[in-house]
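Working notes for the structure below.
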Amino acid sequence: MYFRNNKARVYLYLKDRSVSSVDGILGLQSDRESGKVNLTGEIKLFLSNSFSRGEKLKFHWKQPRKLTQNLEVEVNYPFLFSTPFGLDAKLEIYKHDTTYLDLKQLIGVQYVFSGNNYLEAFVQYHNST
């Protein structure tokens, strides 16, 4: 802390570090009709600044019951090749039985001004069947 002219300034010296989290549960469920065993569960993975580049990676998979799945993947990588440009990509897939499939895709290019301030141009695709 620094005092000057009746004002106090606080200086914090922070160290860079990677932040990660993993959460999940897997189970087996037997099908009474076919006698087969089905995999059910949920897995979440979040990686932030693992390579000291400010990048973020999110992965979320969920299968609550047979033939129903949800997958979400997000990648954000700022400062490509030490430039203020970065990439942003997202993929979401939701499948319900064999009758419904929802697909969302996004890819974008970012220009980072400072901190969390950026401008992004992206293309998004959404299809449901």
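Quick note: the coordinates plus some simple rules give every number you see, no bench work behind them. Here the structure is a predicted model, which means the values were calculated and not measured. Note that each Cβ is placed from the backbone with ideal geometry, even for glycine, and that neighbours are counted across all protein chains shown.
So the values come out like this:
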quantity	calculated
Across 36/58; 15/62; 36/90; 56/95; 44/104; 7/56, pairs whose alpha-carbon gap is larger than 27 Å	36/58; 15/62; 36/90; 7/56
Dipole-positive endmost among 112, 86, 68 within the chain (Cβ charges, Cα centre)	112
Gaussian network model of the chain, Cα within-10 Å springs - most flexible of 14, 57, 119	14
Cα-centre dipole for the range 18-128 with unit charges at Cβ (Lys and Arg positive, Asp and Glu negative), debye to 20	200 debye
The chain: most fluctuating residue of 49, 38, 116 per GNM, C-alpha cutoff 10 Å	116
Radius of gyration and Dmax over the Cα atoms of the range 50-91, both given in Å	14.3, 46
Overall Cα dimensions of the chain - principal axes, largest extent first, Å	79, 32, 28
The chain: most fluctuating residue of 91, 28, 71 per GNM, C-alpha cutoff 10 Å	28
Within the range 54-89: backbone nitrogen closer than 18 Å to the residue 106 label point (7 Å, Cα to C-beta)	55-61, 71-79, 86-89
